[in-house]
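Written below as structure tokens is the structure these notes are about.
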Ligand SMILES: Nc1ncnc2c1ncn2[C@@H]1O[C@H](COP(=O)(O)OP(=O)(O)OP(=O)(O)O)[C@@H](O)[C@H]1O
């Protein structure tokens, strides 16, 4: 069972995945795309799934709405076991799950209004009901004025808003997003993310999204799951995972180890090393921003700042500093002890020769 972050999460699971495996067979070869996945997705939250290309993100998303049949395991949506539903019940269940796609999947020969109306038409709703619902969702996504236009007349962000409106027509309780903003410019991305957040908050819809954009996770997700080679290797509240990623793959995805220091860094002390290079990391609630003076005083010596970064995620500050101290053989334990209420992580990352 994956528990979300350092805090116990009492949210009710909306989707429960247990012992899920997906094995593809193609050209006589087997690909084990999902390996023994256990995951509870809480009601009314936004969960982000990240991983490298081929990690299994799409396979996981596709099994959640029955587009892909798992090889083994269980997926429960509320109390309904998805893996054993017959065709009729699967279609009914799919109406409870909306999906949006990277490339929008709109029909170019139909207007915005007709694109959004299509799922309701296919389900046999009365004309008046269709009219009312399509008008409602187009207004929700701010596109009532584009109802009679064709997809080719819209910007990427507007096309995605049509995709979202279409995904909402059946009043779904879950929205699955497959790289929903990857084809969009930063401004449209921001509009779509705000819209997804609004849908989540105002309609209480549980959202599961896959993305390669860490900014998306940072901005709107409550929880994040990291997949590598078909396995969940790390999971938790976004601020908790992003402030202290434990797995190398998570660190790589977050690009944390990209140092750009103005000198060469040596893992071991060199004969002419003069500076110890230290990384300090902290995560704190915004109202408890650490006092820099208090931190630097611990060193009893000049401290040179080479890199600093502060992120704000879910009302937490995630900060890191890389500093150089003109001393070797520092008493790291004493420093850690003195910083204990301010800094969660103190690490010597190497040694340098003087550059100043
Ligand atoms: N229909 C299929 N037949 C055979 N193998 C498949 C099929 N779909 C996916 N795979 C394989 O399963 C593994 C997981 O693929 P999946 O598409 O789920 O990864 P992903 O993390 O979504 O990657 P990407 O970010 O590139 O979309 C990959 O090795 C892929 O080649």
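The values are calculated or read from the model by the stated rules, or taken from the named source; none is laboratory data. None of these values were measured; they are calculated from a predicted model. Cβ placement follows ideal geometry from the backbone for every residue including glycine, while neighbour counts extend to all protein chains displayed.
Filter region 252-282 down to the residues that are exposed (fewer than 13 other Cβ atoms within 10 Å of the Cβ) and within 19 Å of residue 215 (Cβ to Cβ), then identify the one that is nearest to the ligand (Cβ to nearest atom).
The qualifying residue nearest to the ligand (Cβ to nearest atom) is 255.
I'd like the full set of residues that are at pLDDT below 95 and away from the ligand (no atom under 16 Å from the Cβ), limited to region 205-219.
215, 218, 219
What are the residues in region 34-52 that are within 12 Å of the ligand (Cβ to nearest atom) and either within 22 Å of residue 220 (Cα to Cα) or without any contact (Cβ under 8 Å) to a residue 12 or more places away in the chain (or both), if any?
Matches in region 34-52: 49, 50, 51, 52.
Would you check if residue 73 is within 16 Å of the ligand (Cβ to nearest atom), buried (at least 22 other Cβ atoms within 10 Å of the Cβ), assigned by TED's automatic domain parsing to the domain that holds residue 218 and at pLDDT 95 or above?
Working: within 16 Å of the ligand (Cβ to nearest atom): yes; buried (at least 22 other Cβ atoms within 10 Å of the Cβ): no; assigned by TED's automatic domain parsing to the domain that holds residue 218: yes; at pLDDT 95 or above: yes.
The answer is no for residue 73.
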